[in-house]
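The values are calculated or read from the model by the stated rules, or taken from the named source; none is laboratory data. Please read all numbers here as calculations on a predicted model, not as lab measurements. Virtual Cβ from ideal backbone geometry, glycine too; neighbours counted across all protein chains shown. Keep in mind that these areas ignore ligands, DNA and RNA; they rest on the heavy atoms of the full protein, side chains included. Shrake-Rupley method; radii C 1.70, N 1.55, O 1.52, S 1.80 Å.
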Amino acid sequence: RQGIGEPSVYHAVVVIFLEFFAWGLLTTPMLTVLHQTFPQHTFLMNGLIHGVKGLLSFLSAPLIGALSDVWGRKSFLLLTVFFTCAPIPLMKISPWWYFAVISMSGVFAVTFSVIFAYVADITQEHERSTAYGLVSATFAASLVTSPAIGAYLSQAYGDTLVVVLASGVALLDIGFILLAVPESLPEEMRPVSWGAPISWEQADPFASLRKVGQDSTVLLICITVFLSYLPEAGQYSSFFLYLRQVIGFSSETVAAFIGVVGILSILAQTVVLGILMRSIGNKNTILLGLGFQILQLAWYGFGSQPWMMWAAGAVAAMSSITFPAISAMVSRNADPDQQGVVQGMITGIRGLCNGLGPALYGFVFYLFHVELNEMAEVETLGKASKPNMANPTDESSIIPGPPFLFGACSVLLSLLVALFIPEHNLTLRSGGHKKHSNGAQTHTHSPQAGGSDGKEPLLEDSSV
């Protein structure tokens, strides 16, 4: 194997940490550049940019996940990290090109899909939920210090130094993948090594969605992911702007907020997640995470004081256990050679949310006349006077954060759907052939599947 040592979860953790640490550094400069580039309707344009990126991610995730099952994980880790980080240097070179390339980079913005498949390759079933929690916690850890570091360097030395540093961290991540990350998927586990034909149906995200509908449990899981991640994606795209403008947080306070919530999220996704999975089970852990998310979004929606944001942020940390628990549930019931396809499907749903969520939040902010004024004015006035509405007379007549209440309703629907997810592992439908019997049958699109091709459940009982 090329790389350092045997493939491990720690290789995946370093890749995720460096990629999102680089982007975390840009939190403060990006808010400034965004407002300078789009002084009118900043929330709306922010939503559209992230919307295009998310939709492209949705379209490409199944293809990248399926191809990683055939050609291995390492090359696709390199591809996704390189193109995801490609816009970073453009922030100071050309802001318009920066936002354009961010939108187009959505084609390869599926690093989590490949990482989760990488982890599934090298972990046993009973270890997988903990490993996924560690990866998700690392994502949170990368955002604990980087926004604060970026805000400090930006204030002390200017945005240019921050952009250069972020570009350097991205290059370090690419070098780490090239030199240190070993391939996790052995040749004998790849469908191409059996001579099985590759079906390009896997590259069609809508075909994947049609296939989801043929297995009731996968359908329930995907609907749960969609309804719960839609508001989360919208929140990620606009929340820092919201804290700066509507609540009156300074750049330093935003960075501190990210750090505190990130630390709590790490504890939730490592210590708390493992305890909950062992004590109350996978499904109940998902339900508990969704309950915390409803409380968090409702608090954001009605909250108008800084202390309310801090309290809701603590609840948000607990809600971060949901996706690792869902990923573990899907992974433990999927074949080893299908981990990339299944995780790509779930990531594709998240990619669709990454497109629709920011656009929805931006549009709702626009409808309720919540708009940015001069950000320098916010920095000067601080919390004493909050110029948060385009029309100040609207401030007393509307909810401070209307999109967050829309999000709470969406997660409530997700919780109701999740109640119907079966508690125990799935069994194959009658007429579907059992996998693992030989190479050709293991490939779900192999001609030997006959009339049942495309109708075999993606998930199966792990005891089969």
Quick calc: nm separation of the 7 Å Cα→Cβ label points for residue 279 and residue 82 -> 4.7
Cα extents of region 1-186 per principal axis, largest first, Å, are 50, 35, 27
Expected sort for 286-294, 100-108 on mean C-beta neighbours within 10 Å, highest first, is 286-294, 100-108
For residue 32 and residue 416, extending 7 Å from Cα along the Cα-Cβ vector and measuring point to point gives, in nm, a value of 4.7
Using alpha carbon centers only, region 280-318 is separated from region 1-58 by a whole-angstrom value of 23
Phi angles of region 286-303, converted by Karplus (6.51 cos²θ - 1.76 cosθ + 1.60, θ = phi - 60°) into ³J(HN,Hα) in whole Hz with x for Gly and Pro, give 4, 4, 5, x, 5, x, 5, 5, 4, 4, 4, 5, 4, 5, 4, x, 8, x
Region 258-311, convex hull of Cα, quarter of hull surface, nm² -> 3.9
Residues of region 130-147 with backbone N under 19 Å of the label point set 7 Å from the Cα of residue 10 along Cα→Cβ are 130-139, 141-142
Sequence order, region 19-28: Karplus ³J(HN,Hα) from phi using 6.51 cos²θ - 1.76 cosθ + 1.60, θ = phi - 60°, Hz rounded, Gly and Pro as x, gives 4, 7, 5, 4, 6, x, 4, 8, 4, 5
Reported to the nearest 10 Å², residue 121 has, with a 1.4 Å probe, an accessible area equal to 40
